[in-house]
Structure formats: structure tokens, C-alpha cells
Amino acid sequence: MTEANRAFSALPPREQWQRLQQLAVVFFRLGCFAFGGPAAHIAMMDHEIVQSRQWLSQETFLDLIGVTNLIPGPNSTELAIHIGYERGGWRGLMVAGSCFILPAMVIVWLLAIAYGQYQQVPQVEGMLYGVKPVIVAIIAQALWKLGRKALKDRPTILAAIAVMGFSWLNVPEILLLVLAGLGVLLWKTRGNAGRGLQGFWLVPMLAQMAPTPTISLTNIASGGQVFLYFLKIGSVLYGSGYVLLAFLQNDLVERLGWLTSQQLLDAIAIGQITPGPVFTTATFIGYLLAGNIGAIAGTIGIFLPAFVLVLVVNPWVSVLRNSPRFSALLDGLNAASLGLMAVVTLVITGSAVVDALTLGLLIASAIAVFRFKVNSAWLVMAGGGIGWLSQVIATKPL
């Protein structure tokens, strides 16, 4: 074991502090430049954590992705928290997760204040126009590297292909993950996999299908009510920001009347166009509902379950990998995760490459990451700058 990868508890206090500082710097930077949603965030973490710093092996990183997909909450944020725990125990968990969330929270909070005055989303579409094709190239590189480790044999390759196919048919993500994991498990253990599972891996499916608990709320939201509402969402929600949209539309618009549909769509848009976790939509909505206290309450409420779940689950990851049955299950989960990332990449590509400029950005970014190993943060900044400049030129009067 190298000095850089020694167990956190075995380090002297000064080196522990240095490691926590390193986690803070890396994840704060990711929180500032990680545009594009969970698939892009995972790609950037792979580059920073596995490729550049070698803090984790590719196999451990894949296992963390697989386990993360089986618990509710924001996947990329939970992966950041997992990495923090691996590097720095419970203190690393808090540092990595908080530093990844904080930049997005502050940016969204400021945009919410502006929105409260002007009632419209600030015009940042030009920047996003240039960022999207860059993100596609970054995810493609991560898929290539992760796929060489995750797709190791026939069952994992078939599982990934099957997940991609059924994902296009809108089969729920969590169901595909569980079925892929069980399918690879059954294949590799030839009929002996059923013993010892005891139904544990069906819990995520049951949690997703069960009705969410209701909270007695009035038509005027307080900070405490905002916290309780988003705590519920963070505890039970699987899937992407689009699943979050469905939850919020049903509760906040139709049932409670706290928001209009336009306000909700603007809140989701802000979560999509800002860096970091999409779930910082809760910061925006919290501010609209209860001011500054609501922004803080919404953010803490939706992310708190992720910290608790990772703290409980992470110590079991290595134990599961050392079990032949659960190792096969994790292989299936990893393959399924790669399949889902591939589908997301195809969808993003369709919306990102819309003209010659975006096609050129995609090709140039692909060459930069595959051939020259350029840091993804620099590429994102360059893409955003080019996109903004193109919008300025297009709107400038002749």
C-alpha cells in the first residue's frame, strides 16, 4: 500500500488534516465546474479521483457506483460522500459531500434571490450551449475507461446491453439495476445464488413502489415544513431530476398550491443549468417558499438522508465484494450502471449537438480528453466561454 493510500485512522493528526484539505479542494472545484448531471459528475470524479490522483482503484470506484445506485437520493452526491468516507472516514464524508454541494447551493441561492425580484430565469443558455458538447466528450471517455473494467465477461456485457434496451422502453432504473444484478448473479453461480440473499436487494424496489409518507402542511410554508418535506423527498426518491419534477408537481403545485407550474419548471431549469447536484433545486424552491431560512432548510433536508445512508452502507461494500455471490451481484450492478450512463450520453448528445459549432466542440473536446488528457474543468470553462461568446455575437446588432 502506498503512503498516499494508507488508512485514514493510521495517519498522524497533521496528515489527516492534509488529507481532509485535499478532499475539500478537489470536491469544491468539482462542485464549481461539474455541469451536465450525474453521468457527467461521475465522469469527472473518475478523472480526478482514479486517473489523476489514484486515490481509489477502478474496481473500488465501480463498486461504489453500483452500491450508490441502489439507495435513494442524488447519485453523484452520494458517490462524492462515499469517496470522502473511503479517504477520511466520517470526517471525510462530511467534507467531500459538503464541499461538492456548497458551490451549487450558493449559486442557486443567488439566482433564487434574483428570480424573486425579476420573476424569470437569468439568461445563461448561451453558456450551457457550449458546455453540453464538452460534457458528452467527458462522459464518453469515462464510459470507455469504466467499461473496460466493468464489462469483463459475457454476462456483464449482455446485462449492459439489456439495460440499455429496456431503458429506452422507460423501464424504471432501479428495477433494471436489481434485475441486472440478480441476472449476473444467477448466471455466475449457476443456480446457487438464491441462498443467503434473503430478499435484501428487493428493498429498493419496494421502497420505490411504496407510497411516500404524508406530512401535514398548511398553505403557507415555514422553514420547518420545508425541511420536513425535502427530508421526505431525499429519503425515498430514486432516479433523475425528471423524477424529482414529477414528485414536486404532484405535491407543491397540485396538492398544496405552494408554487405555480411555471415556478416549478424554472426551479428545475436552474438545477439543470448550474454546476453540481441537480437536487439543489430544493435550495431554489426553499427560498421561494420561506426566504433564506427556506433555502437552507430545503438544502439540508434533501441531502441529509444521503449522508446517513452512505455512513451506514459504505462499511459493507468491501465485505460484499469479498463474497462470491455478492461479488457477482456487484458485477451486474456495475454493468447496469454503465448501460444507464450510455443511454444518458446518447440523450444528451441529441440535445447538445445541434449545429456545426457544437459538433466542432464535441470533436475538439474528444481529442482533448482522449489524446491529450486535458483536465475536464478547463474544458468546461472553455466550452462555456465559447457558448457565451457565440450568443453575444448572434445577438449583436449589425
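The values are calculated or read from the model by the stated rules, or taken from the named source; none is laboratory data. In this text, all values refer to a predicted model and were calculated from it rather than measured experimentally. Reconstructed Cβ throughout: ideal geometry from the backbone, glycine too, with neighbour counts over all protein chains shown.
Matching residues to (1) touching a helix residue (DSSP H, G or I) at 6+ places or on another chain (Cβ under 8 Å); (2) modelled with pLDDT of 90 or more; (3) over 30 Å from THR349 (Cβ atoms):
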| site | (1), (2), (3) |
| --- | --- |
| TRP17 | no, yes, yes |
| LEU20 | yes, yes, yes |
| VAL26 | yes, yes, no |
| GLY31 | yes, yes, no |
| ASP46 | yes, yes, no |
| VAL50 | yes, yes, no |
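Please go through region 238-263 and pick out each residue that is among the aromatic types (Phe, Trp, Tyr), under 27 Å from THR68 (Cβ atoms) and at pLDDT 65 or above. The answer is TYR238, PHE247.
In region 347-398, of all residues being surrounded by 13 or more Cβ atoms within 10 Å (Cβ to Cβ) and part of a loop (DSSP other than H, G, I, E, B), the one that is modelled with the highest pLDDT corresponds to VAL353. Remark: pairs (first residue in region 19-38, under 20 Å from VAL108 (Cβ atoms) and surrounded by fewer than 20 Cβ atoms within 10 Å (Cβ to Cβ); second residue of a type in the set (D, E, K, R) and at pLDDT 95 or above; Cβ separation under 7 Å; 6+ apart in sequence or on different chains) are absent.
Out of (1) buried (at least 20 other Cβ atoms within 10 Å of the Cβ); (2) farther than 21 Å from PRO72 by Cβ; (3) over 20 Å from the mean Cα position of the chain (by Cα), what's the single condition that is false for THR274? THR274 satisfies all of (1) buried (at least 20 other Cβ atoms within 10 Å of the Cβ); (2) farther than 21 Å from PRO72 by Cβ; (3) over 20 Å from the mean Cα position of the chain (by Cα) except (3). Taking LEU62 as the residue in question, decide whether it is assigned to a helix (DSSP H, G or I) and within 18 Å of ILE300 (Cα to Cα). Here the answer is no, as LEU62 does not meet what is asked. If you go through region 362-381 and keep only what is closer than 18 Å to VAL26 by Cα and of a type in the set (Val, Ile, Thr), you end up with VAL374, VAL380. State which residue pairs qualify: first residue of a type in the set (S, T, N, Q) and inside region 127-142, second residue part of a helix (DSSP H, G or I) in any location, beta carbons under 6 Å apart, and separation of 6 or more residues or different chains. If the second residue must be part of a helix (DSSP H, G or I), the pairs left are GLN141/VAL369; GLN141/PHE370.
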